[in-house]
Amino acid sequence: MPQKAVKIEPYKGPAGGWGSAQSLLSAVRRDGAAQDVMRLLPQQNKKDGFACVSCAWAKPASPHPFEFCENGAKATTWELTSRRATPEFFARHTVSELRLWNDHDLEYSGRLTQPLRYDRETDRYVEVAWEEAFRAMGAELRQLRPETVIFYASGRASLETSYMYQLFARLYGSNHLPDSSNMCHETTSVALPQSIGVPVGTVLLEDFEHTDCILSFGQNTGTNSPRMLHPLQKAAKRNVPIIVFNPLRERGLERFVNPQNPVEMAGNAIAGSDTRLDCQYHQLKAGGDGAAIMGLCKAVISADDKARAAGRPPVVDHAFIAEHTQGFESFAESVRAMEWSLIEQRSGLSRTALEGAANVYCNARAVIAKFGMGLTQHRDGVETVRLLINLLLLRGNIGKRGAGILPVRGHSNVQGQRTVGITEKPELVPLDRLAEQYRFEPPRWEGWSTVDACQAVIDGEAKAFIGLGGNFTRAVPDTERVERAWPELRLTVHVATKLNRSHLLPGEVCYLLPCIGRLEVDHQASGPQAVSIEDSTACIHGSRGKREPASPDLLSEPRIVAEMAKATLPSTPHVDWDGWVGDYGRVRDAIEATYPQHFERFNERLFQPGGFPRPLGARERKWATPSGKAEFLTPKTVSKAQVAVPEGVLQLITLRSNDQFNTTIYGYHDRFRGVQGTRMILFMNRADMRRQGFQEGELVSLQCAIEDGVKRRLGGFRVTPYAVPEGCCAAYYPECNPLIPLSHHAEGSKVPAAKSVPVFIDRQAAPRPFGAI
Ligand SMILES: Nc1nc2c(c(=O)[nH]1)N[C@H]1C(S)=C(S)[C@@H](COP(=O)(O)OP(=O)(O)OC[C@H]3O[C@@H](n4cnc5c(=O)[nH]c(N)nc54)[C@H](O)[C@@H]3O)O[C@H]1N2
Ligand SMILES: Nc1nc2c(c(=O)[nH]1)N[C@H]1C(S)=C(S)[C@@H](COP(=O)(O)OP(=O)(O)OC[C@H]3O[C@@H](n4cnc5c(=O)[nH]c(N)nc54)[C@H](O)[C@@H]3O)O[C@H]1N2
Ligand SMILES: [Mo]
């Protein structure tokens with residue numbers, strides 16, 4: 001794609017509105033698949049249509065005429081592309097050559113069309129027959145010990161595929177089932193069960209209509225779940241305060257014009273009459289959330305102490321606390337003991353600001369707290385998420401209409417994959433049930449998370465990697481170390497729709513298996529199939545593909561998994577792989593048999609408008625914790641004195657632009673942040689620029705300040721002044737991933753701490769990161 005000139009200037013428009021419509025139209029035109037796109041978009045997120053392949057946000061029962069957003073439309077366009085990466089394409093380019101291409105150009109080569117085998121002699125991917133690919137990988141897997149084989153999943157594959165995939169891995173004998181969740185909301189999945197007995201959020205879409213305050217921590221709605229701007233905007237119009245905690249001023253959280261409302265669009269073009277979404281915007285320090293939440297809790301508890309002393313009605317919901325929770329007193333003591341000075345220092349927010357926010361919180365009857373990577377991708381993320389639950393529990397804001405905790409998940413089915421058994425943690429899977437259903441002895445040992453899997457590859461313990469989607473080596477931290485070790489693997493197999501860098505690091509034996517995407521008609525023996533996904537609110541939706549597959553030689557993901565299993569496993573008389581592939585309804589029956597409480601009448605309810613909610617105890621104030629109560633956590637980390645940051649070190653936040661989906665780079669325009677034509681930006685506070693003597697536009701290098709004997713350094717970043725707090729800076733993911741040590745991850749969840757990487761900045765030239773533009 002021709003590059004536009006680099007341009008950096010503040011964005012003045014709102015999120016949504018004409019800017020979004022324009023950006024969408026140019027994406028469609030650029031691709032040349034305009035007809036398909038225009039025919040399919042209206043069916044996105046509709047009953048009997050397809051579930052968007054972009055984010056996991058809820059799909060309403062009464063959808064808008066166009067229930068999609070700018071970024072959902074980009075995802076659809078990207079998948080429906082008319083371009084194809086055929087065997088001829090691979091004949092023209094060696095793998096070594098393709099390794100020099102950037103992320104955008106690799107995927108821009110188009111949809112994969114044929115199964116491919118890596119040929120070491122010619123250093124090329126060559127066409128291979130499906131049967132041969134399955135036979136060869138099966139033979140390899142039979143030679144290997146299951147404890148050395150990684151089965152990764154990236155969060156997009158359907159519930160049906162995912163269930164089959166985890167069953168295949170376990171029948172084979174491996175529990176190494178990490179998924180992208182390990183880099184994402186695993187922090188949530190660890191924190192919530194300890195506090196409220198469920199691993200997922202409790203909020204339903206309808207809660208937005210009944211809430212009277214929304215807290216937002218570290219989640220960039222306008223870019224990463226833009227359809228949520230609709231319920232947010234509606235709430236804002238009812239004067240529901242929205243309180244944002246984010247180190248960056250994110251345009252998508254500030255203002256929004258509904259691009260599907262022509263009146264407002266016109267209004268905006270003429271008079272700038274957009275809805276202001278923020279009522280309070282707190283630019284805290286990266287990683288300052290734990291302290292900020294302690295500050296909010298301190299203000300609430302102290303208001304309560306005062307009210308009760310004065311004989312006024314209490315501020316804390318003591319009745320709820322007595323009936324439903326445990327650990328309040330000890331938590332309250334730790335809150336009272338934490339000094340405001342420490343809270344201010346750690347959060348970067350003033351006591352007045354926090355008391356102001358707490359005041360709004362206390363005056364609201366029902367409060368939703370939503371959060372994203374800004375909380376989960378930190379070393380103390382698990383504690384922070386549990387503190388957020390504490391804040392909600394103080395006023396009974398869980399299990400009440402209009403209230404609850406809302407982790408905003410990433411990939412469109414990442415939450416669902418965990419629900420149907422893709423996890424390295426055996427205790428989260430009904431193994432006894434699987435054992436009985438399929439008459440085998442599943443492995444009971446703890447598998448590798450993403451970080452563990454990387455370490456195992458580096459240490460030579462892992463011998464094979466099977467990837468169900470995703471771009472593993474590109475998404476993980478410590479890119480260079482992982483990439484160096486990767487080719488030592490005996491077997492690498494990727495099931496994918498598009499070419500990416502992970503495919504270009506072949507193991508000794510390597511296959512690239514192209515699958516049909518969710519937007520495509522999935523023809524099987526019993527006719528075209530539907531699949532299902534689970535959204536961020538734990539509602540299950542059916543999805544039906546609408547366009548003929550990108551190539552007649554593609555197989556569906558369920559079929560690929562079934563064929564892998566058949567080629568690998570000696571015999572599985574209790575699994576009817578072919579029957580399942582012929583009719584996915586039978587996979588859903590099997591899922592229902594394994595998880596009867598979650599998937600009751602699964603097939604019958606597949607296309608229920610708005611999806612059918614999984615029953616979650618916490619929504620009914622039934623707490624599946626060891627004590628049977630919701631647990632207040634008494635924090636350990638946040639209340640300790642702060643360790644001094646060495647002179648010159650800034651905390652680097654790695655960010656998504658508005659023109660990417662994870663490692664899929666659609667283009668080079670981060671509209672809301674005013675950046676065009678480049679991703680090699682270092683957003684800095686002007687005071688830090690002055691202190692360190694950097695000029696706007698100057699090129700600098702970043703070096704990781706964690707000392708572990710490995711030098712991690714990248715160059716070519718353009719200094720750009722931005723509204724980010726002093727002591728913090730920001731740059732894009734995945735370019736920055738080589739700077740993050742594998743060991744720099746959240747305690748308890750092992751999610752890489754990608755939102756707070758200590759770095760030095762200097763002028764000396766260093767190699768530019770892979771893909772730098
Ligand atoms: N278009 C699009 N949609 C996507 C994705 C995409 O790449 N593109 N990715 C999908 C996936 S897999 C995921 S997980 C989600 C990710 O969606 P988000 O959770 O929104 O993730 P990020 O964009 O990485 O960062 C979120 C926000 O956290 C803020 N932040 C950084 N550090 C801190 C901190 O210490 N505290 C606080 N309070 N805030 C902080 C950043 O400024 C940023 O605004 O989106 C999903 N949806
Ligand atoms: N520094 C830093 N690192 C991060 C993050 C961060 O914020 N900062 N975020 C982390 C997060 S939240 C996540 S979720 C991970 C993302 O990690 P991954 O999920 O592994 O990466 P993606 O970029 O989403 O994967 C894109 C690839 O998926 C394949 N694909 C697309 N659609 C399909 C399909 O329908 N079927 C199949 N089989 N394949 C398909 C295509 O080949 C495409 O190239 O990255 C993590 N890494
Ligand atoms: Mo994610």
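Every number here is computed from the coordinates shown, using simple stated rules; none is lab data. Only a predicted model underlies this, so the values are computations on that prediction, with no experimental measurement involved. Cβ sites come from the backbone with ideal geometry, for glycine too, and all protein chains shown count toward neighbours.
Averaging the sequence gap over all C-alpha pairs within less than 8 Å and six or more residues apart, then dividing by the number of residues, gives the chain a relative contact order of 22 percent. Taking the Cα centre of the range 197-407 as origin and assigning +1 to Lys and Arg Cβ atoms and -1 to Asp and Glu Cβ atoms, the resulting dipole is close to 260 debye. The simple Förster model, with R0 at 30 Å and r as the Cβ-Cβ distance, assigns ASP432 and VAL710 a FRET efficiency of 0.10. Between GLU209 and TRP130, what FRET efficiency follows from the Cβ-Cβ distance if R0 is 45 Å, with the result rounded to 0.05? Calculated value: 0.35.
Label sites at CYS279 and ALA5, each approximated as a point 7 angstrom past Cα along Cα to Cβ, lie 4.5 nm apart.
For a quick check: sort ILE458, ILE293 by the number of other beta carbons within 10 angstrom, fewest at the front. Walk me through the numbers before you get to the answer.
Numbers: ILE458 17, ILE293 30.
The most exposed by this proxy come first: ILE458, ILE293.
Give the share of C-alpha pairs in each 20 angstrom bin for the chain, from 0 to the last occupied bin, in whole percents, shortest bins first. P(r) over the chain, rounded to whole percents: 17, 53, 29, 2, 0.
Rank these for me by crowding, LYS370, LYS622, going from fewest to most other beta carbons within 10 Å.
Working: LYS370 24, LYS622 15.
Ascending Cβ contact count within 10 Å gives the list LYS622, LYS370.
Phi angles across the range 736-747 convert, under the Karplus curve 6.51 cos²θ - 1.76 cosθ + 1.60 with θ = phi - 60°, into 3J(HN,Hα) values of 7, 4, x, 7, 9, x, 4, 6, 8, 9, 5, 5 Hz, Gly and Pro given as x. Along its principal axes, the range 351-490 has C-alpha extents of 60, 43, 24 angstrom, given from the largest down.
Here the range 643-762 has an Rg and Dmax of 14.0, 40 Å, counting Cα atoms alone. Put simply, the amide H of GLU520, placed in the peptide plane, has neighbours under 5 Å in LYS546, ARG547, leaving out anything fewer than 5 places away on its chain.
For each of LEU714, LEU606, count neighbouring Cβ atoms within 10 Å of the residue's Cβ, then give the residues from fewest to most. Walk me through the numbers before you get to the answer.
On the way: LEU714 26, LEU606 21.
The most exposed by this proxy come first: LEU606, LEU714.
Note on the range 116-212: percent of Cα-Cα distances in each 10 Å bin, starting at 0 and stopping at the bin with the largest distance, equals 12, 25, 33, 14, 10, 5, 0. Farthest toward the positive end of the dipole of the chain, out of ILE653, ALA157, HIS210, is the Cα of HIS210, where the dipole comes from beta carbon charges about the Cα centre. A helix-only calculation puts the chain at -9500 deg cm²/dmol for mean residue ellipticity at 222 nm, using -39500 (n - 2.57) for each DSSP H run of at least four residues, averaged over all residues. With a Förster radius of 56 Å applied to the beta-carbon distance between ARG30 and SER330, the computed FRET efficiency rounds to 0.45.
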